[in-house]
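The values are calculated or read from the model by the stated rules, or taken from the named source; none is laboratory data. All values derive from a computational prediction rather than experimental measurement. Counting neighbours? That spans all protein chains shown, and the Cβs are built from the backbone with ideal geometry, glycine included.
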Amino acid sequence: MNTPANSRSMTDEMLDELLRLLAVWRVELVLLALPTGLGLWLYVRLGLVFAIAAPVALVTTVLCVGPLRRFLGRLLHRSRVRRHLEAAFRALPGVLNEKRPRIVKITRTTFGDRVELVLWRGTSIDDLVKAEAVLAASLGVRQVRCVANAAKRNLVTLTITRHDPFNEAALRFPLLDASHVTLWDPIPVGVNEDGELVTVSLPERNVLLGGEPGAGKSVALSLLVAAAALDPEVDLWLFDGKVVELSAWSACARVFVGHDVQRAITVLEELTAEMDDRYDELLRRGVRKVTRAEGLRLHVVVIDELALYVAGIDKKFAQRFAELLRGLVARGRAAGIIVLAATQKPSTDIVPSTLRDLFGFRWALRCATRDASDTVLGAGWASEGFSASDIAGAHRGVGLLLHEGDTPVRLKGFHLDDDDLRTLVRRARQLRGLPAGPVGS
C-alpha cells in the first residue's frame, strides 16, 4: 500500500520541479520556440530550404537591428536576474523560504539592478534586511539593500549592487563650467547609486549637514555656497567657526563672521530686522512669499561649525544665537531666507531640538554610530536601513540626503579641490562686479 503513495509523491515532486524549471526559464524557452516553431511550420509548408532560411533571417535581423538587440538583451538580463533571485529566496531559511517575495519589476541600473518586491502576509522588511548578506553571497554581488515603501510596508525595493558606485575618482562639479547660475534652479550636488544626478532646490528650504571629521561635510557645504555665490542676485551671510572653511567666499559675501559669537549675534539681529522689512514689502505687494517672479533677492545664511555658536562657553550668548537662528529658520522661508548649517553631531545637548527639527532637508555624511546618523537625518531612519554609519571610512563625500523624496538618497557628492575653489571664486567675483584678488581676501 505504501509503494503507490510513495511513487505518486515522487511523481508529484518531479512534476513540480519540471513546472518550476519551465517557469524560471520561460523567457528563454519562448525565444527558442519562436524560430524553432517557424522552421517546423515552413518545413511542412514549403520545404527544408525555407525552414532553414527563415529562422536564420529572423535571428540575424534581431541581432543586427540595434533597438531589437537591446530589447532582447534587457529581456534576457531581467530573466536571468529573476531566476537567480528566486533561487536565492528558495535557499533562505525560515519564513522567507515558505513565503518568498513576489518579484514585480526589475530595472537595470548603472551599477546593478533595482527590483520591486511584494511581501506576503507573515513576512516583513525586517526578515529581508536580516538576509541581505546571505542574498548578496547567493547572488555573487557586492551588496544587497532592502528598503520598504513608506506608504505601503508590503512593497520593498531591493537594490543589487554589482560594482561599487562610489569607488570612482573624485566627481567633477558641473557648475565649474557654468557661466551663470540662478539659485531658483535645482543645484547639482552629486550622483546616486544608479549613477543619476542628484539635485537640491534651495528656495523655501533649509539644510542641515552633519558627519564626523574628514567625512566631507565642509566640501558638501561648499557646493551649496558656490551655487549661491555664482548667482549675483543672492546675498551671502557667512558664519565660520573655524574661519578658514568659508574665508575664500568672504569677498563675495555681504557679511563674514568668524568665531566672535557676540558679532554673530549682532549680524543675526540685523538679518532678523531685514526679514521683518521683507515681510512688510510682501504685504505691500499683496503676496505671501518671495518667488522668482517678484524679483527680490534671496538671502543665504551659511553657518559652518554650528556648535561653536549654539553650545559655546558663554551660555547666555549661545542661547541668544540659537533663539535668533530659530526665528530665521522658522520664519525666513517665505521671506527668501535660506539657512545652511553644518556641524559634526547635532544632538540635543549641542543643538536644541527646537532648532534642529525645523530643518526640512538633512544631509548626513559618514557618522560613527547609528544614533549619530539619526541625529542628522531624524529619529528612526537607521532602523529603516538608512544609516550613515554604514558608509565606509574610505568613501569620503558619500552620504545620505533627505530632501524632496520620501526616503534618504545615498549619494556621492561632487568634489572641489583648491584649484576648483579659486576658479569658482574668481567667476563669482566677476559676476558680482567685484575686483579680482587673492582667494580669501
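Below are the figures for this structure:
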read-out: Residues located in the range 348-392, provided they are within 13 Å of Glu212 (Cβ to Cβ), among the hydroxyl-bearing types (Ser, Thr, Tyr) and surrounded by fewer than 21 Cβ atoms within 10 Å (Cβ to Cβ); value: Thr369, Ser389
read-out: Residues within the range 276-298 that are over 32 Å from the mean Cα position of the chain (by Cα) and not aromatic (Phe, Trp, Tyr), tallied; value: 11
read-out: Options Leu358, Leu400; residue that is within 25 Å of Pro188 (Cβ to Cβ) and not aromatic (Phe, Trp, Tyr); value: Leu400
read-out: Selection within the range 185-223 - surrounded by fewer than 18 Cβ atoms within 10 Å (Cβ to Cβ) and of a type in the set (Val, Ile, Thr); value: Thr199
read-out: Positions within the range 183-219 being small (Gly, Ala, Ser) and either assigned to a loop (DSSP other than H, G, I, E, B) or under 18 Å from Val339 (Cβ atoms) (or both), in sequence order; value: Gly195, Ser201, Gly210, Gly211, Gly214, Ala215, Gly216, Ser218
read-out: Long-range neighbours under 7 Å by Cβ, at least six apart or interchain, first residue in the same structural domain as Gly378 (by TED's automatic domain parsing) within the range 349-367, second basic (Lys, Arg); value: Thr354/Arg326; Leu355/Arg326; Leu358/Arg326; Gly360/Arg205; Phe361/Arg205; Leu365/Lys217
read-out: Any hit, the range 270-282, residues being more than 23 Å from Gly399 (Cβ to Cβ), assigned to a loop (DSSP other than H, G, I, E, B) and not hydroxyl-bearing (Ser, Thr, Tyr); value: no
read-out: Selection count, the range 291-327, where residues are in contact with a strand residue (DSSP E or B) (Cβ under 7 Å, 6 or more places away or on another chain), of a type outside the set (Asp, Glu) and surrounded by fewer than 23 Cβ atoms within 10 Å (Cβ to Cβ); value: 3
read-out: Cross-chain or 6+ apart pairs with Cβ under 7 Å, the range 396-413 first and in the same structural domain as Gly214 (by TED's automatic domain parsing) and more than 14 Å from Arg145 (Cα to Cα), then in a strand (DSSP E or B) and of a type in the set (S, T, N, Q); value: Leu411/Asn192
read-out: Test: residue in the range 321-340 that is touching a residue at least 60 places away in the same chain (Cβ under 8 Å), of a type in the set (Lys, Arg) and within 14 Å of Val207 (Cβ to Cβ); value: yes
read-out: Candidates Val147, Val141, filtered to the one that is surrounded by 15 or more Cβ atoms within 10 Å (Cβ to Cβ), at pLDDT below 85 and in contact with a helix residue (DSSP H, G or I) (Cβ under 9 Å, 6 or more places away or on another chain); value: Val147
read-out: Close pairs from the range 210-239: first at pLDDT 95 or above, partner assigned to a helix (DSSP H, G or I) and among the β-branched types (Val, Ile, Thr), Cβ under 7 Å, at least 6 apart; value: Trp237/Val267
